[in-house]
Amino acid sequence: MNKEQIKINIKDYPSEIRHYLKDVEVYDCSSSKEFQVLYLSSGHYLKSGKKNSLFLENKLTRQLHKKMISVKVIKYASRKKDFLLTEEAKGKSSLNYLDNPTALIRVLAYYMKHLHSIDTYGFPFSEIMNIYFNSKKENYNINYALLKYRNMTKEDAIRIRKERLHKLKNDSLIHGDFCLPNIILNNYLPSAMIDLGNAGIGDHHIDIYWLLWSLEYNLKTDKYNEYFLELYGKENVDEEILELIAALEILG
């Protein structure tokens, strides 16, 4: 994660958050255009976005903190914009453990299985499910397809979506973007999951798909995919659903 030290005007922030912005160094470590993410030298992260954009993330982060999955929320404020202040997770992004892929994959498989085993009662539904079920897009972009699906044509993707969309189930509590930067480890031990805006009840294959994609993207190979699937439990993985998710992503 790149961090660039910046200066801010404390008056631009809600009164209940200003206290945390005094006498600290501030670094911008944003990775998207939708949200600004600031790191405070006091050991906090401050995320901001358009009004109501962080409402669910605030709720989910609090719920998962009780399950010892996520960081502690310090403050949430919604004005003309939303602001979410959280503690810093202890440890480093999973991207820092790429030199030992097998050890990394072992802990990620364990952590994902643990997340998917949590009782879903009281959790909201993942926005990803709404996007997948309601999207009518017919673009063609293979950037987010797993390597094994890179030869899928647009026509194939449209057919697979039509034939298999019903296979997606709300069967687990999912992260929704289970990629390496969002999983924090402390010396190969699970510490926290961050960036929970797409978390909620959804199909567990979504997390599997995005972790496989993230491993491929960062390790530049798909040779570890089978190892992860064996650790997660191949009996719990439907290859047709993984191919469906690839089709949905190819179509945008």
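A compact table of results
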item: Some residue of region 188-207 being open to solvent by less than 30 Å² (accessible area, probe 1.4 Å), of a type in the set (D, E, K, R) and in contact (Cβ under 8 Å) with a residue 60 or more places away in the chain; result: yes
item: Test: residue in region 161-171 that is outside any helix (DSSP H, G or I), open to solvent by less than 50 Å² (accessible area, probe 1.4 Å) and of a type outside the set (Asp, Glu); result: yes
item: Any hit, region 174-181, residues being surrounded by fewer than 18 Cβ atoms within 10 Å (Cβ to Cβ) and either assigned to a helix (DSSP H, G or I) or out of contact with any Gly (no Cβ under 8 Å at 6 or more places or on another chain) (or both); result: yes
item: Test: residue 157 is within 24 Å of residue 29 (Cβ to Cβ), more than 18 Å from the chain's Cα centre (by Cα), open to solvent by less than 80 Å² (accessible area, probe 1.4 Å) and not aromatic (Phe, Trp, Tyr); result: no
item: Selection within region 27-86 - in contact with a helix residue (DSSP H, G or I) (Cβ under 6 Å, 6 or more places away or on another chain), assigned to a strand (DSSP E or B) and basic (Lys, Arg); result: 75
item: Any hit, region 22-30, residues being under 30 Å from residue 172 (Cα atoms), free of Cβ contacts under 8 Å to residues at least 60 places away in the same chain and open to solvent by 80 Å² or more (accessible area, probe 1.4 Å); result: no
item: Among the candidates 40, 64, 60, residue that is more than 28 Å from residue 201 (Cα to Cα) and either open to solvent by less than 40 Å² (accessible area, probe 1.4 Å) or in contact with a strand residue (DSSP E or B) (Cβ under 7 Å, 6 or more places away or on another chain) (or both); result: 40
item: Matching residues, region 211-240, being open to solvent by 40 Å² or more (accessible area, probe 1.4 Å) and in contact (Cβ under 8 Å) with a residue 12 or more places away in the chain; result: 218, 222, 224, 227, 231, 236, 238, 240
item: Residue that is farthest from residue 68 (Cα to Cα) [pool: residues in region 120-131 that are open to solvent by 30 Å² or more (accessible area, probe 1.4 Å) and touching a residue at least 12 places away in the same chain (Cβ under 8 Å)]; result: 127
item: First in region 72-101 and open to solvent by 70 Å² or more (accessible area, probe 1.4 Å), second anywhere and among the small types (Gly, Ala, Ser), Cβ under 7 Å, 6 or more apart; result: 81/48; 81/49; 87/43; 88/43; 90/191
item: From 208, 241, 245, 201, residue being in contact with a strand residue (DSSP E or B) (Cβ under 8 Å, 6 or more places away or on another chain) and outside any loop (DSSP other than H, G, I, E, B); result: 201
item: Residue 103 being among the small types (Gly, Ala, Ser) and either closer than 17 Å to residue 182 by Cα or part of a helix (DSSP H, G or I) (or both); result: yes
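The values are calculated or read from the model by the stated rules, or taken from the named source; none is laboratory data. No experiment lies behind these values; they were computed from the predicted model shown. Neighbour counts run over all protein chains shown; Cβ positions are idealised from the backbone, glycine included. What goes into the accessible areas is simple: the full protein's heavy atoms, side chains included, and nothing from ligands, DNA or RNA. Shrake-Rupley method; radii C 1.70, N 1.55, O 1.52, S 1.80 Å.
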